[in-house]
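A.B. asks: Please read through the structure below; I'll follow up with questions.
The values are calculated or read from the model by the stated rules, or taken from the named source; none is laboratory data. The shown structure was predicted, so the numbers you read here are calculated from the model rather than taken from an experiment. Ideal geometry is used to build each Cβ from the backbone, glycine not excepted, and the neighbour counts take in all protein chains shown.
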Amino acid sequence: MTAGLLLILKLTLTPLLVAGMSLVAKRFGPTFGGLVMGLPWMTGPILLFLALEKGAPFAADASFGVLLAVVAIAGFLLAYARTAQRAGWAISLAAATVAFWSLGYILTFVRLGAIEAALLGVTALIAAFRAMPRLAEPEGPRALPWWDIPMRMLATALMVAAISFAADRIGARLSGVVASFPVITTVVGCFTHARWGAASVVRILLAMTLSLIAFVAFFTVTALGLPVWGILPTFALAALAGIAVSAVFITASRRRR
């Protein structure tokens, strides 16, 4: 598979997923949307592309970077939610981005095994969930203008292009952190914040902090399995693990409601 074809797949798959996640959040509400968004819709395919381009050992090492980046993602979600209490989407995104890159850079110097990194990520997610604000219930979904979904897709394509360019030119672990930047969360969250207010986006972020445990499950399997089982069997098993964990949270959310 050529690098050009891989880039085309990156630039088409993720914007389509953003459109789908946006419609899911609109149809079923921000909590359900956040739970679904916790799956590795973007980082998983990018890691698969890296594995096909650079081999299973490189992708396995990148998986360690992804697991460590979960701590940075938790910081991103918490910083956005806290800032959104008093500011608009632009300032909230700036605070979240600074938190992500600061934590992500620091974590590239941490040397842990896959299990330890996974436990650290889960701990960070639970801590972020407990520290997030609980805002008043948002209003019901509103109609989206015709340009909203296309603009989300365009913003996603631009971000994916920039991240893919960077990830192809740096080391394996740092590329795992870069590839883990929460693009779908950024696009869906900012558009939700701008249109439906802080309470709606905070509900999405709250749900994501727990559903990202499925994200951790996915990349724990890839980190441990790629050197042993190869690319396709490992990614198939990782997808099953992520879906199973996500299904548990979705079922629990429905019962709670």
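A.B. asks: Output yes when any residue across segment 99-117 is without any contact (Cβ under 8 Å) to a residue 40 or more places away in the chain and of a type in the set (Asp, Glu), and no when none is.
C.D. replies: yes
A.B. asks: So, one more: Report yes if Ala95 is in contact with a Ser or Thr (Cβ under 9 Å, 6 or more places away or on another chain), among the small types (Gly, Ala, Ser) and either farther than 25 Å from Thr123 by Cβ or at pLDDT 85 or above (or both), otherwise no.
C.D. replies: yes
A.B. asks: Counting only residues that are at pLDDT below 90, assigned to a helix (DSSP H, G or I) and within 17 Å of Ala207 (Cα to Cα), how many does segment 35-83 have? Don't jump to the end; show me each part of the working.
C.D. replies: From segment 35-83, those at pLDDT below 90 are 35-69; that's our starting set.
Keeping just the survivors that are assigned to a helix (DSSP H, G or I) gives 35-37, 43-54, 56-69.
Restricting the remaining residues to those that are within 17 Å of Ala207 (Cα to Cα) gives 35-37.
Within segment 35-83, residues that are at pLDDT below 90, assigned to a helix (DSSP H, G or I) and within 17 Å of Ala207 (Cα to Cα) number 3.
A.B. asks: I need the full set of residues from segment 189-219 which are buried (at least 24 other Cβ atoms within 10 Å of the Cβ) and more than 21 Å from Ala252 (Cα to Cα), in order please.
C.D. replies: Selection gives Gly189, Thr192, His193, Phe219.
A.B. asks: May I pose another question? Gly4 - would you say it is in a helix (DSSP H, G or I), surrounded by fewer than 20 Cβ atoms within 10 Å (Cβ to Cβ) and modelled with pLDDT under 75? First the steps, then the outcome.
C.D. replies: Working: in a helix (DSSP H, G or I): yes; surrounded by fewer than 20 Cβ atoms within 10 Å (Cβ to Cβ): yes; modelled with pLDDT under 75: yes.
It is true that Gly4 is in a helix (DSSP H, G or I), surrounded by fewer than 20 Cβ atoms within 10 Å (Cβ to Cβ) and modelled with pLDDT under 75.
A.B. asks: Please work out which one of (1) buried (at least 18 other Cβ atoms within 10 Å of the Cβ); (2) closer than 28 Å to Ala51 by Cβ; (3) among the hydroxyl-bearing types (Ser, Thr, Tyr) is the condition Tyr80 fails and give its number.
C.D. replies: All conditions are met except number (2).
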